[in-house]
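Worksheet for the structure shown next.
The values are calculated or read from the model by the stated rules, or taken from the named source; none is laboratory data. No experiment lies behind these values; they were computed from the predicted model shown. Glycine also receives a Cβ, built like all others from the backbone with ideal geometry; neighbour counts cover every protein chain displayed. Note: accessible area is taken over every heavy atom of the protein model, side chains too, but ligands, DNA and RNA are not part of it. Shrake-Rupley method; radii C 1.70, N 1.55, O 1.52, S 1.80 Å.
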Amino acid sequence: MKVLDRNFDFAVSAAGRINIIGEHIDYCGGQVLPAALSLKNTVYIRANGRNEINLSWTDVPDRITLDLDRLESYKGVKYADYFAACAYILRREGRPVLGCDVLSDCRVPFGSGLSSSAAIEVSFIAALLTIAGERIDPVEIALYALAAEREYVGMNCGVMDQYASACGKKGMAMLLDCATLDCKYIPVALGDYTFVIANSNKPHSLVVSKYNERRQESEAALAEINRFFPAEHLAAVTPDDFETVADRLDPILQKRARHVVYESARVKEATKAMRKGDVPALGALLRSSHDSLRHLYEVTGRELDVLADAANAFPLCAGSRMTGGGFGGSTISLVHKGLVEAFKEYVGERYYSLIGYAPTFYPVEISDGITIKAL
Ligand code: GLA
């Protein structure tokens, strides 16, 4: 990176994330438990005094120039739309956006369910604000990134990924209340165990439309429940209250709501288990979460199920589940530190024999969200 360092003024990074538990809960107004990763996107940037943003990437040969007067016109342009989205939202919010040269270096694997898009958006917004000499407020940046993703990219996501990418802290999970943005940092102390990521490497398709469909279903489920009793958010409905009306709901909506209600309860249990360092209890909750995402919310798919089943069959794996939006992407597994290599071999072989291509494994190092370095 020495050559790069000399050509740019700042290196601004933001993190990918895992979500330990609380899946498809953020947009239902509940609590989630993500953590930021040392897998990051780094934006190298310098102001260029012109009315354009020149984009380049370390892993693709493309060069794309964004005209600052036409920021709305890059929707769907491969590689560039995330960047245009961020500049567009900042401008709309009355923040300064300077012409600049940018080199983006993404170490969060695309389509892995580890939030490469949030890492790109958060790092680029922080980079644009940095060259304009603006104050860096990670929560504000997360909300700009969320607006970019929802309004420009068209993924009607919740706040979890952008918040984790911007506000993560080394060694800490984040118990984030997505209705209030109240966030408590909880040390990830797992004794002899560690998290291992397995990326299914499933080719990405239809993720956005299926995700948006689940979101609509959860909204419809809340509307049905509200015919019987008031609840502001689906994730705020308790299991006991839910059971009083469950069999009066449309069958599909009942399944979706059942996942959300019980997954929210699992987040509370998992937080207690993490605070006590109770790995078996945490592992059991991860398994139940995956089962619920598989059978009730129906967002896993064969690749993630094979990965989770193989991990859960490994003797010193306390529990495994998909992480992120699903429909492909990654699992996280709680594995005994001394057996990580054996785990990778075991799960890798099973996955290959059933799916026909290999997964990729990453160690989990929990890291800070935004970092800014003057070069
Ligand atoms: C994706 C979305 C998040 C969240 C997760 C599922 O990662 O971007 O907002 O909804 O899926 O928990």
Check: For segment 266-322, what does the alpha-carbon gyration tensor say about shape, rounded, prolate or oblate, given a ≥ b ≥ c as the root eigenvalues, a/c under 1.5 as rounded, and a/b over b/c as prolate?
Finding: oblate
Check: Treating the beta-carbon of each Lys and Arg as +1 and of each Asp and Glu as -1, no other charges, what is the dipole magnitude of segment 188-363 about its Cα centre, to the nearest 20 debye?
Finding: 280 debye
Notebook entry, point to check: In square angstrom, rounded to the nearest 10, how much accessible surface does D192 have for a 1.4 Å probe?
Noted result: 100 Å²
Check: Cα to Cα, under 14 Å, and not fewer than 8 places away if on the same chain: which aspartates and glutamates meet these conditions relative to K75?
Finding: D67, E149, E151
Next item on the list: With a 10 Å radius around each residue's Cβ, average the other Cβ atoms per peptide and rank 114-123, 260-269, highest first.
Entry: 114-123, 260-269
Checklist line | Ranked by how many other beta carbons lie within 10 Å on average, peptides 51-60, 321-330, 180-189, 361-370 from highest | finding: 321-330, 361-370, 51-60, 180-189
Note to self: Keeping all protein chains in place and using 1.4 angstrom, which order do K210, K272 fall into by accessible surface area, from largest down?
What the structure shows: K272, K210
Next item on the list: Report, in debye and to the nearest 20, how large the dipole of the chain comes out about its Cα centre when Lys and Arg carry +1 and Asp and Glu carry -1 on their Cβ.
Entry: 580 debye
Next item on the list: Have a look at L285, H233, S112 and report the one farthest towards the positive end of the charge dipole of the chain, computed about the Cα centre with Cβ charges (Lys/Arg +1, Asp/Glu -1).
Entry: S112
Item checked: C-alpha center-to-center spacing [segment 248-287, segment 150-202] in angstrom -> 16 Å
Notebook entry, point to check: From the Cα gyration tensor of segment 188-363, with a ≥ b ≥ c the square roots of its eigenvalues, which class applies: rounded if a/c is under 1.5, or else prolate if a/b is larger than b/c, or else oblate?
Noted result: oblate
Checklist line | Ranked packing of 77-84, 16-23, most packed first, by mean Cβ within 10 Å | finding: 16-23, 77-84
Notebook entry, point to check: Within segment 227-264, whose backbone N sits under 16 Å from a point 7 Å along Cα→Cβ of D291?
Noted result: 258-264
Note to self: Using helices alone, I'd like the mean residue ellipticity at 222 nm for the chain: each DSSP H run of four-plus residues gives -39500 (n - 2.57), total over residue count, nearest 500.
What the structure shows: -12500 deg cm²/dmol
Next item on the list: Please list, or write none, the lysines whose alpha carbon is within less than 18 Å of the alpha carbon of K184, excluding same-chain residues fewer than 8 places away.
Entry: K169, K170, K268, K272, K276
